[in-house]
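Read the figures in this text as sums done on the coordinates, not as results from a lab. Nothing here was measured: the structure is a model prediction, and the numbers come from that model. Here the Cβ positions follow ideal geometry from the backbone for every residue, glycine too, while neighbour counts run over all protein chains shown.
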């Protein structure tokens, strides 16, 4: 068995008799075994290629909540309902259509505090969480300020996420980059064992790629306006590619 260290691959052990390559990263757990000469139907090299491409951010998702605590459960629910109605009115004033707003969850129940190592009823808590989907960033900062300043008691902005509303072009570019990455990896492995690389036998896209949302805030915001900078987000694609040997 001979050993080598490929760029970015760590230690590479080549066993000519068994026709396999073991790849491991420095300081990591034992490397993966990539089979070379198995049955003709599954011989070759299996690699994962990853690529990414930038995409303009033009979609905003706002997650906001209404949280009211009162001694009486009915009072808590009524106050929360009134605040939620005011929230919808503010959104409407900013041109947000009703179909762009949905209730994520709604709850009503007791709220307990711990005092002197004992659980004490502090009141009843009514909570409603809303998710607002918007196209474009125009006036979003003012809308957030008005929600907190005008909608009433118990309003909080939990999170604002920016994503690409139409990432198809970026996905195509990222997919091409992922395939090129897979070809480079497979060619490198083939050269280490001195065998010519053949055609692609199978290719599949891993489901864990896609856009990476940009989370802007997850806390209460003040009534002052806060500008939002969009920029680009990364669209990532991963492909699993199976290459045959040229002589297979």
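Using a Förster distance of 45 Å, how high is the FRET efficiency between residue 85 and residue 203, based on the Cβ-Cβ distance and rounded to 0.05?
According to the calculation, E is roughly 0.30.
Over the range 59-163, what is the mean sequence separation of C-alpha contacts under 8 Å (at least six apart), divided by residue count, expressed as relative contact order in percent?
48 percent
Sorting 103, 233, 61 on the 10 Å Cβ count, fewest up front, what's the list?
With the sparsest Cβ surroundings first, the list reads 103, 61, 233.
Using a simple spin-label model with points 7 Å from Cα along the Cα→Cβ vector, what separation in nm is obtained for residue 73 and residue 115?
For residue 73 paired with residue 115, the spin-label model returns 2.1 nm.
Please find the FRET efficiency linking residue 99 to residue 158, where r is the Cβ-Cβ separation and R0 is fixed at 30 Å, and quote it to the nearest 0.05.
It comes out at approximately 0.90.
Run the simple label-point estimate for residue 141 and residue 107 please: 7 Å along Cα→C-beta, distance reported in nm.
Rounded to a tenth, the inter-label distance reads 3.4 nm.
Arranged by the count of other C-beta atoms within 10 angstrom, fewest first, what order do 205, 97 take?
97, 205
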